[in-house]
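Colleague: Have a look at this one before I ask anything.
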Amino acid sequence: MNNKNWEPSFMDRNRIIIKGFLVGVLILLMLIPGEFIASLVAERQSRQQEVVNEVSIKWAGNQTITGPVLMLPYKVVEKGADEKITERIKTAYILPDELHISGDLQPTEKKRSLYSVMLYSSNLKLSGKFGVLPLAALQIPAESVIWQDAKLLISVGDMRGINDQVQLNWNGTKQLFDAGVPANSLFREGLNIPVSINAQNTSEFSLNLSLRGSNYLYFTPVGKTTDADLAGNWKDPSFDGQYLPATSDINDKNFKAHWKVLPLSHTYPQYWTDAEQHLEKAAFGVRLIQPVDGYSKTNRCVKYAILFIALTFTFFFFLEILQKRQVHPLQYILVGLALTIFYTLLLSISEYTGFNPAYFIASSATIILIGLYAWSIFKRGNTALGFTISLTALYTYIFVLIQLEDYALLFGSIGLFVIIAIIMFYSRKIDWYSIVKHEPREFPLPNPETEFTE
């Protein structure tokens, strides 16, 4: 055979292209175990939510305080089609002219198994006054009112959260609320108390409410003017509902907020008869946001799996070209599996130590493992050290992104742009067309002494 006439085959001429295509396919294949990891994180997070719900049910659920509302029954005489006169009871509902709310929230941590649940206790004070009863506007004769059945109603989101007896101070007279509410079209559950009322006088009230709950605490602005002041040692409040606070102050340890709601801001009237009103739709308050937990952060890390794998494989691919040492596809797969196992380490360790220590342990183990593996492949200490530093920088970069909740997209986009720029800068030095040398292969000549002939 004449070696001088040897020409490189198609595989030789396109070896780099084929290898690059194969590496791309391997990157996509490594997304399959990534999906299993994401499912595992979702399963553990779902279990945590089940525990949160179980503890919250035993403690108390979401709380929305609506009231007080004055319930005033009165008699109506009606004449039917058969001229028969009947008497039935109707109900008028009257809201206070002024409502002042003040209170503080104290977070309480409950632990169950591996999980911790953040709940709260609150001490609230509601005060205000009812003006002269609008009987004329309601077209209710004073003699038709059943004064002895007048009641004051308060709706509480979850009655199990009431810690102590609720005492009403009504025009200087103190008495305790009863649980439950009489049949009405306004509230399904809450507190009620009979009140003595004079149609021609205003009535002042105040009450203290010790209340437990979870997730949020809302108030309904039933006053013609409603002022609310809330404070608590919670650093992550979310002011939610139909109204934002007029002023607020949030720092690393606590928050303060003040709301002022005027009568023109809501759609329901200050008094009505029998008609159904959805007062709670106008509720406002504070939602106590649980800081991003380990599962949420781990789930966000899993979303960067494609970035980890793609950049790591790209580093290996360029090292393979620059060092002129071939890396077998199986070695790419082993590196990809090591990168994937990082997430299971992170998930399992974070359940015991929290996210930050778990990230440090899992990433350190992964970096050391892959760094030593790179040294065993390329047999050069400088190459393995540079690869290890690059991988460390990548894990540090992702950790910073996880911490930056509000600016993660901005810094993530900038970081990716810088990484691509660095790769483009160094890849420009590679002469892709001269990688495959058009040199003849050495074919061994047959040995006549050992050649088999018939």
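Colleague: How much length would be gained if the chain were fully extended between VAL418 and THR392, taking 0.36 nm per residue of separation minus their Cα-Cα distance, in nm to one decimal?
Modeller: Computed gain between VAL418 and THR392 is 7.8 nm.
Colleague: Right, here's the next one. Would you please name the GluC sites (Glu not before Pro) within the stretch 204-294 that are DSSP coil residues with at most 12 other C-beta atoms within 10 Å of their C-beta?
Modeller: Within the stretch 204-294, the qualifying GluC sites (Glu not before Pro) (loop, at most 12 other Cβ atoms within 10 Å) are GLU276.
Colleague: If you don't mind, there's one more thing I want to ask. For the chain, which longest stretch is free of loop sites, where a loop site is one of the trypsin sites (Lys or Arg not before Pro) that DSSP puts outside H, G, I, E and B and that has at most 15 other Cβ atoms within 10 Å?
Modeller: 85-187
Colleague: What longest region of the chain stays clear of chymotrypsin sites (Phe, Trp or Tyr not before Pro) that DSSP places outside H, G, I, E and B and that have at most 14 other Cβ atoms within 10 Å?
Modeller: After excluding every exposed loop site, the longest remaining stretch is 7-406.
Colleague: Here's a follow-up. Using r as the Cβ-Cβ distance of LYS58 and LYS129, and R0 as 45 Å, what FRET efficiency do you calculate, to the nearest 0.05?
Modeller: Calculated value: 0.75.
Colleague: In sequence order, what are the phi-derived ³J(HN,Hα) couplings for the stretch 103-118 according to the Karplus relation 6.51 cos²θ - 1.76 cosθ + 1.60 with θ = phi - 60°, rounded to whole Hz, with x for glycine and proline?
Modeller: x, 9, 10, 10, x, 10, 9, 10, 10, 8, 6, 7, 10, 10, 10, 9
Colleague: Hey, another quick one. From the phi of every residue in the stretch 256-268, what ³J(HN,Hα) in whole Hz does the Karplus formula 6.51 cos²θ - 1.76 cosθ + 1.60 yield, where θ is phi - 60° and glycine or proline is x?
Modeller: Using θ = phi - 60°, the values come out as 9, 8, 9, 10, 9, 10, 9, x, 6, 7, 10, 9, 7 Hz.
Colleague: Right, next: Give the distance, in whole Å, between the Cα centre of the stretch 341-400 and the Cα centre of the stretch 83-136.
Modeller: Distance between centres, Cα-based: 54 Å.
Colleague: Related question: Spelling out what I want: for every residue of the stretch 214-231, take phi, set θ = phi - 60°, compute 6.51 cos²θ - 1.76 cosθ + 1.60 (Karplus), and round to whole Hz; glycine and proline get x.
Modeller: 9, 6, 8, 10, 10, 10, 9, x, 7, x, 4, 10, 10, 10, 9, 10, 10, 9
Colleague: Could you sort out which of LYS224/LYS260; LYS58/LYS235; LYS111/LYS303; LYS151/LYS174 sit more than 19 Å apart by Cα distance in this structure?
Modeller: On the way: LYS224/LYS260 11 Å; LYS58/LYS235 25 Å; LYS111/LYS303 29 Å; LYS151/LYS174 14 Å.
Among LYS224/LYS260; LYS58/LYS235; LYS111/LYS303; LYS151/LYS174, the Cα-Cα distance tops 19 Å for LYS58/LYS235; LYS111/LYS303.
Colleague: Would you be so kind as to identify which of ILE306, ALA199, SER296 lies farthest towards the positive end of the dipole of the chain, taking Lys and Arg as +1 and Asp and Glu as -1 on Cβ and the Cα centre as origin?
Modeller: The residue sitting farthest along the positive end of the dipole is ILE306.
Colleague: Now for a separate question. In Å, the Kirkwood hydrodynamic radius of the stretch 62-291 over pairs of distinct alpha carbons?
Modeller: 18.9 Å
Colleague: Between 0 and 90 degrees, rounded to the nearest ten: what's the tilt of helix 329-353 against the longest Cα principal axis of the chain?
Modeller: 30 degrees
Colleague: If one computes P(r) from the Cα atoms of the chain, what percent of pairs lie at distances over 38 Å?
Modeller: I get 52 percent for the Cα pairs in the chain exceeding 38 Å.
Colleague: About the Cα centre of the stretch 62-291, what is the dipole size in debye to 20, counting +1 per Lys and Arg Cβ and -1 per Asp and Glu Cβ, all else neutral?
Modeller: 520 debye
Colleague: Return the lysines within reach of LYS79: Cα separation strictly under 16 angstrom, same-chain partners fewer than 8 residues apart disregarded; answer none if there are no such residues.
Modeller: Those lysines meeting the cut-off are LYS90.
Colleague: Would you calculate the separation in nanometres between label points at SER238 and ARG300, each defined as 7 Å from the Cα along the Cα-to-beta-carbon direction?
Modeller: 1.4 nm
Colleague: For ILE17 and ALA137 in one chain, what is 0.36 nm times their gap in residues minus the Cα-Cα distance, to one decimal in nm?
Modeller: 34.6 nm
Coordinate-derived values only; no laboratory data. Every value quoted in this text rests on a predicted model; they were computed, and no experiment measured them. A quick note on method: Cβ atoms are made from the backbone with ideal geometry, for glycine too, and the neighbour counts reach across all protein chains shown.
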